Amino acid sequence: TQLLEQSPQFLSIQEGENLTVYCNSSSVFSSLQWYRQEPGEGPVLLVTVVTGGEVKKLKRLTFQFGDARKDSSLHITAAQPGDTGLYLCAGKYNAGNMLTFGGGTRLMVKP
Amino acid sequence: EPEVTQTPSHQVTQMGQEVILRCVPISNHLYFYWYRQILGQKVEFLVSFYNNEISEKSEIFDDQFSVERPDGSNFTLKIRSTKLEDSAMYFCASGGTSLGEKLFFGSGTQLSVL
């Protein structure tokens, strides 16, 4: 059974601060996705990373895939209250489409 | 943007009863999934469905569970005899025309087994 660990579980910061969320596994991912989930809604895909060392940017969000494809990070620059939510990483370990989710990081950005 | 629709949003049932959770995937999608999230726990994969058959399933998806695409638009998850531990948020997701395309999740059905 593959395990995917996210840290931190909770993060409360002030508007304007930077933050990084981590996603780690002992197994190699074929690809990894980051989702954001709002209360009462399903996860919404933010990005997919596939290649080791890959970096993708989405406005103030920077996603990095580790060289060995076992870890990933999400960095938010100058966080805003609108960034508040649950951030989930989810990895695929084989050629199928089954996603293994991390436990999530619940982010609160205070104005 | 097209969306995945799930009904009902909340379902309360007695232990031992059968429930059917319904999903309308995005119309041109070919890959369909059920995931669940027990309160306070991780989102867990249940089953994937393609070309009218199950393509992958997890250990959770035992003989009490079944999926069906009865009419080309709906995608259902049936739990034959619900247990207390089946209480969870059940998410349907659909993906496009090739494996690996973006998944779109519905808003979920909150199932409470009493």
Just to be sure, is B:Leu77 touching a residue at least 40 places away in the same chain (Cβ under 8 Å), at the interface with chain A (Cβ under 9 Å from one of its Cβ atoms) and crowded, with 22+ Cβ neighbours inside 10 Å?
no
Quick one: count up the residues across segment B:101-114 that are at pLDDT below 95 and more than 7 Å from every other protein chain (Cβ to nearest Cβ).
2
Does segment B:37-55 include one or more residues that are under 14 Å from the mean Cα position of the chain (by Cα), β-branched (Val, Ile, Thr), over 27 Å from B:Gln14 (Cα atoms) and within 14 Å of chain A (Cβ to nearest Cβ)?
yes
Given segment A:11-75, what strands (runs of 3 or more DSSP E) lie entirely inside it while holding 2 or more residues that are crowded, with 19+ Cβ neighbours inside 10 Å?
A:19-25, A:31-37, A:44-49, A:61-65
For segment B:1-50, enumerate the residues that are more than 30 Å from A:Phe10 (Cα to Cα), among the aliphatic types (A, V, I, L, M) and modelled with pLDDT of 95 or more.
B:Val12, B:Met15, B:Val19, B:Ile20, B:Leu21, B:Val24
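Of all the residues that make up segment B:56-69, how many are of a type in the set (Val, Ile, Thr) and within 13 Å of chain A (Cβ to nearest Cβ)?
Looking only at segment B:56-69, we keep the residues that are of a type in the set (Val, Ile, Thr), and these are B:60, B:67.
Still in the running and within 13 Å of chain A (Cβ to nearest Cβ): B:60.
Residues in segment B:56-69 being of a type in the set (Val, Ile, Thr) and within 13 Å of chain A (Cβ to nearest Cβ): 1 in total.
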Quick one: which of A:Ser30, A:Ser7, A:Ser26, A:Ser12 is small (Gly, Ala, Ser) and within 16 Å of A:Gln80 (Cβ to Cβ)?
A:Ser12
Hits in segment A:78-92 - residues which are surrounded by 14 or more Cβ atoms within 10 Å (Cβ to Cβ) and away from chain B (no Cβ under 11 Å)
A:Ala79, A:Asp83, A:Thr84, A:Gly85, A:Tyr87, A:Gly91
Of the conditions (1) touching a Pro at 6+ places or on another chain (Cβ under 8 Å); (2) in contact (Cβ under 8 Å) with a residue 60 or more places away in the chain; (3) within 25 Å of B:Ile60 (Cβ to Cβ), A:Glu15 clears all except one; give me its number.
(3)
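Would you pick out the residues in segment B:89-114 that are over 14 Å from B:Gln14 (Cβ atoms) and surrounded by 21 or more Cβ atoms within 10 Å (Cβ to Cβ)? First the steps, then the outcome.
Step one: filter segment B:89-114 for residues over 14 Å from B:Gln14 (Cβ atoms), giving B:89-110.
Across segment B:89-114, the qualifying residues are B:Tyr90, B:Phe91, B:Cys92, B:Ala93, B:Ser94, B:Gly95, B:Leu103, B:Phe104, B:Phe105, B:Gly106, B:Gly108, B:Thr109.
The values are calculated or read from the model by the stated rules, or taken from the named source; none is laboratory data. Predicted model only: the values in this text are computed from it and were never measured. Please note: Cβ atoms are built from the backbone with ideal geometry, for glycine as well, and neighbour counts cover all protein chains shown.
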